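Only one structure is covered here, and it is reproduced in the block below.
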Amino acid sequence: MNNAMDRTEDFGTLYHPKSALVFYESKGLDKDMYVEHFDMDKNGTPINPHPLTEREAGVLAKALTTEKQKQSAFLKPVGILPTNILHINPSRDKGAVIWYTKSQKRPLYFIEGLGIPSGQGFVPPMVWQASKNSLRVFAVLSNSRPTEKTPLYYAPFFNIYEDGRVCMGSVSINIKKSASVEEFTWAWEDYFFNSYFSHLMGENSPVKGNCVSLWKDLTATGRPFPITVLKKNNKILKNLLS
């Protein structure tokens, strides 16, 4: 097939070269440094070589400082640390947060095959644990702030493995490197509740009884989530810290 097409525009954000720096160093014991700045033409070819000006150096310094600030801002609170945050690992590479949410009414989406109409429904109090790329969720019995000894229960949803890991399917996760802890937790909650629940993971129901029947009832009636249907998973909150 010879239907060659330029698909580079489909690959996401494209960055075009605008300038380049070449560093020169003199020989000998007293080394001296000289920096030359090149502009780039539309083909990415270096043109117009000239000594790096003070203004150009300032633009470069500002860009480097901004990037450093973005990296150091990851998982920092915008103001006072929100009371629902239980634990933060602010590492740039392995950053993670544990937080909880009270029972609340959320929009819930189900694929047609489940036979559950999408709609609003109450969910139980939850404990969330997330890194940049993965999410685990659990249920708890009370809206009170959990402690290390708080028992965890299976989250009563579809698409969740027995260890709490959420199968996000085709959802594209994009957590910013500069995300504050508020942006981080809000983003994960949105990813979770704005994706479609599709199937149970494994053979066991995450609730006492039938999970499909439970959510059919909750989305139809709008009644509070019945915590009596939750099943213990033999973990406590402290287990998530190790």
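The values are calculated or read from the model by the stated rules, or taken from the named source; none is laboratory data. The structure displayed is predicted, hence computed values, not measured ones. Positions of Cβ are generated from backbone atoms using ideal geometry, with glycine treated the same way; all protein chains shown enter the neighbour counts. Keep in mind that these areas ignore ligands, DNA and RNA; they rest on the heavy atoms of the full protein, side chains included. Shrake-Rupley method; radii C 1.70, N 1.55, O 1.52, S 1.80 Å.
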* Asked: Counting only residues 5 or more places away or on other chains, whose amide H sits under 5 Å from the amide H of Ser118 once H atoms are built in the peptide plane?
  -> Phe110
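At a 1.4 Å probe, what is the % contribution of carbon and sulfur to the accessible area of region 193-242? Can you show the working numbers first?
Numbers: 1480 of 2970 Å².
Accessible surface attributable to carbon and sulfur in region 193-242 totals 50 percent.
Send over the semi-axes of region 103-242's equivalent ellipsoid, whole angstrom and largest first, taken as the square roots of 5 times the C-alpha gyration tensor eigenvalues.
Values: eigenvalues 99, 74, 42 Å².
The three semi-axes for region 103-242 are 22, 19, 14 Å.
Return the Rg/Rh ratio of region 116-164 with Cα-based radii and a Kirkwood Rh. It would help to have the intermediate numbers written out before the result.
Values: Rg = 12.1 Å, Rh = 12.2 Å.
Ratio of gyration radius to Kirkwood radius for region 116-164: 0.99.
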* To do: Collect residues whose amide H, placed 1.01 Å from N in the peptide plane, falls under 5 Å from the amide H of Gln104; neighbours closer than 5 in sequence don't count.
  => Val123
* Treat each spin label as a single point 7 Å out from the Cα along the C-beta direction, and report the Asp41 to Lys76 distance in nm. => 4.4
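Hey, any idea what Rg/Rh is for region 67-152, computing Rh the Kirkwood way over Cα pairs?
Working: Rg = 16.1 Å, Rh = 15.2 Å.
Here the Rg-to-Rh quotient is 1.06.
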* What percentage of the solvent-accessible surface of region 83-165, computed with a 1.4 Å probe over protein heavy atoms, is contributed by carbon and sulfur atoms? -> 49
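May I ask which of Lys105/Lys149; Lys149/Lys208; Lys132/Lys208 have a Cα-Cα span longer than 30 Å here?
On the way: Lys105/Lys149 27 Å; Lys149/Lys208 23 Å; Lys132/Lys208 32 Å.
Among Lys105/Lys149; Lys149/Lys208; Lys132/Lys208, the Cα-Cα distance tops 30 Å for Lys132/Lys208.
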* Structure fact -> Cα extents of region 132-197 per principal axis, largest first, Å, are 32, 26, 17
* **Dimensions in Å of region 167-242 - Rg and Dmax from alpha carbons** => 15.8, 43
* **For Ala155, residues with placed amide H under 5 Å, excluding near neighbours** => Ala139
* To do: In whole Hz, with x marking every Gly and Pro, tabulate ³J(HN,Hα) for region 77-84 from phi via Karplus 6.51 cos²θ - 1.76 cosθ + 1.60, θ = phi - 60°.
  => x, 5, x, 5, 4, x, 5, 8
* Asked: Short version: ³J(HN,Hα) in whole Hz for each residue of region 163-176, in order, from phi by Karplus 6.51 cos²θ - 1.76 cosθ + 1.60 (θ = phi - 60°), x for Gly and Pro, what are they?
  -> 8, x, 5, 9, 7, 8, x, 8, 5, 8, 8, 9, 8, 5
* To do: Please give the per residue accessible area of region 151-242, computed with a probe of 1.4 Å over protein heavy atoms only, in Å².
  => 53
* Which FRET efficiency, nearest 0.05, do Ile173 and Arg106 yield, Cβ-Cβ r, R0 22 Å? -> 0.70
